[in-house]
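So the structure is just underneath, and the comments pick up after that.
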Amino acid sequence: MEWRNLYRGFLMGISDLVPGVSGGTIAFILGIYDRLLISISGFFSKEWKKHIGFLLPLGIGMGATIIIFSKVIAYLLKHYHEPTQYLFLGLIIGVIPFVAKQAGLRRNFKIQHIVFMLFVAAALASTIWMKPIEPLVITHVTVKTAIILFFSGWAGSMAMLLPGVSGSFVLLLLGVYTSVITAISDFNIPIILVTGAGIAVGFIISSKLIRLLLEKFRTAMFAVIMGLIIGSVFVIFPGIPESGTPYVMSIIAIITGLIIANILNGIGEN
């Protein structure tokens, strides 16, 4: 068992609770993105035993974090929204040089890759003008709500695996974010199970697809990944904070995020 994945799962779980922040980005920072795709894809095959030691501690870390900190993150976003967003903004900006190095940007990127990257960044950034579907408050599972939750979980999990695309943000756009977070906080097992089933299916399909694309079109996929990460900066940017305490807290938060990203980048390279 790779028990150091507990803390990696902790960090990915925290990020997946925040709309606009991607667990895939954190996996990239930690240097485990390729291994994560391989393990998820391989777990649902005859060689599943080879991958359980990597995935189980990661899953425990993520699951425990989501359960324990769902209310904490909700509280921080409600009462300290701007500093919390600036902390994650610092993390995301801090990962860009690391991903550029992994992609071999100067060596491998041609004009078409840069144009593609900027197009993807603009496309994701444009979602800030998208209005979320009217929030649903789902407390009981019916046939209708089960379908909504299952496919929302599917869409959210596919987003989770893409650096720069937030699963929580997708749930927010689909109008089920509040229902899912509330279900986790209140241990509403039926809703958690239905959404979790959708997430599992999404993980299986998207991990195989992303892995295949990375193998066959690695430079183009890195252009997509970098575009998504750059675009996500605009998605979570909360605006310029008011002067005084919020302004100072936000500056400290973004600097802290940059420092944490730098530390984690160092860990990921080792």
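The values are calculated or read from the model by the stated rules, or taken from the named source; none is laboratory data. Everything quoted here is computed from the prediction, not taken from an experiment. So basically every Cβ, Gly included, is an ideal-geometry build from the backbone, and we count neighbours across all protein chains shown. Accessible surface areas use protein heavy atoms only, side chains included; no ligands, DNA or RNA. Shrake-Rupley method; radii C 1.70, N 1.55, O 1.52, S 1.80 Å.
For the stretch 71-86, indicate whether the set of residues that are open to solvent by 30 Å² or more (accessible area, probe 1.4 Å), in contact with a Ser or Thr (Cβ under 6 Å, 6 or more places away or on another chain) and either at positive phi or charged (D, E, K, R) (or both) is non-empty. Reasoning before the result, please.
Residues of the stretch 71-86 that are open to solvent by 30 Å² or more (accessible area, probe 1.4 Å), as a first pass: 71-72, 74-82.
Now drop any that are not in contact with a Ser or Thr (Cβ under 6 Å, 6 or more places away or on another chain), which leaves 71, 76-77, 82.
Next, from what is left, pick out any that are either at positive phi or charged (D, E, K, R) (or both): 71, 82.
Within the stretch 71-86, one or more residues are open to solvent by 30 Å² or more (accessible area, probe 1.4 Å), in contact with a Ser or Thr (Cβ under 6 Å, 6 or more places away or on another chain) and either at positive phi or charged (D, E, K, R) (or both).
So, in the stretch 227-270, exactly how many residues are outside any helix (DSSP H, G or I), modelled with pLDDT of 80 or more and not hydrophobic (A, V, I, L, M, F, W, C)? Outline the logic, then answer.
Here is the first cut: in the stretch 227-270, the residues outside any helix (DSSP H, G or I) are 237-244, 270.
Among the residues that remain, those that are also modelled with pLDDT of 80 or more are: 237-241, 244.
Going one step further and asking which of them are not hydrophobic (A, V, I, L, M, F, W, C), we end up with 238-239, 241, 244.
Final tally of qualifying residues: 4.
Go through the stretch 8-54 and report how many residues are out of contact with any Asp or Glu (no Cβ under 8 Å at 6 or more places or on another chain), within 21 Å of residue 166 (Cβ to Cβ) and open to solvent by 20 Å² or more (accessible area, probe 1.4 Å).
5
Just for the stretch 146-160: of the residues that are in contact (Cβ under 8 Å) with a residue 40 or more places away in the chain and open to solvent by 20 Å² or more (accessible area, probe 1.4 Å), which one is nearest to the chain's Cα centre (by Cα)? Reasoning before the result, please.
Just the residues of the stretch 146-160 that are in contact (Cβ under 8 Å) with a residue 40 or more places away in the chain, to begin with: 146, 149-160.
Subsequent filtering for residues that are open to solvent by 20 Å² or more (accessible area, probe 1.4 Å) retains 146, 150-151, 154-155, 158, 160.
Values: 146: 23, 150: 18, 151: 18, 154: 14, 155: 12, 158: 10, 160: 4 Å.
Only one residue tops the list, namely 160.
Here is a check on your reading of the model: is residue 98 more than 16 Å from the chain's Cα centre (by Cα), closer than 25 Å to residue 125 by Cβ and modelled with pLDDT of 80 or more? Working first, answer last.
Working: more than 16 Å from the chain's Cα centre (by Cα): yes; closer than 25 Å to residue 125 by Cβ: yes; modelled with pLDDT of 80 or more: yes.
Judged against the criteria, residue 98 is a match.
Name the pairs: first residue in the stretch 181-204 and among the acidic types (Asp, Glu), second residue open to solvent by 40 Å² or more (accessible area, probe 1.4 Å) and not in a helix (DSSP H, G or I), Cβ to Cβ under 9 Å, at least 6 apart or on different chains?
Cβ pairs passing all conditions: 186/139.
Which residues, counting only those in the stretch 68-81, are modelled with pLDDT of 80 or more and either among the hydroxyl-bearing types (Ser, Thr, Tyr) or under 15 Å from residue 249 (Cα atoms) (or both)? Steps first, answer last, please.
Step one: filter the stretch 68-81 for residues modelled with pLDDT of 80 or more, giving 68-69, 72, 75-76, 79-81.
Hits for the stretch 68-81 are 75, 76, 79, 80, 81.
Which one of these does residue 122 not meet: (1) modelled with pLDDT under 85; (2) open to solvent by 30 Å² or more (accessible area, probe 1.4 Å); (3) within 20 Å of residue 89 (Cα to Cα)?
So residue 122 meets the others, but not (1).
Failed condition for residue 101, given (1) open to solvent by 10 Å² or more (accessible area, probe 1.4 Å); (2) assigned to a helix (DSSP H, G or I); (3) under 21 Å from residue 10 (Cβ atoms), with all others met?
(3)
Quick check on the stretch 23-59: of everything there that is at pLDDT below 80 and polar (S, T, N, Q), which residue is farthest from residue 213 (Cα to Cα)?
Result: 45.
Quick check on my filter: what residues within the stretch 204-222 are open to solvent by less than 40 Å² (accessible area, probe 1.4 Å) and not β-branched (Val, Ile, Thr)?
Result: 206, 207, 214, 220, 221, 222.
Considering 84, 65, which residue is under 25 Å from residue 246 (Cβ atoms), modelled with pLDDT under 90 and among the β-branched types (Val, Ile, Thr)? Quick ask: steps written out before the conclusion?
On the way: 65 fails: under 25 Å from residue 246 (Cβ atoms).
Matching residue, one of 84, 65: 84.
I'd like to know if the stretch 227-236 contains one or more residues that are surrounded by fewer than 21 Cβ atoms within 10 Å (Cβ to Cβ), more than 30 Å from residue 83 (Cβ to Cβ) and under 21 Å from the mean Cα position of the chain (by Cα).
No, the stretch 227-236 contains no residue that is surrounded by fewer than 21 Cβ atoms within 10 Å (Cβ to Cβ), more than 30 Å from residue 83 (Cβ to Cβ) and under 21 Å from the mean Cα position of the chain (by Cα).
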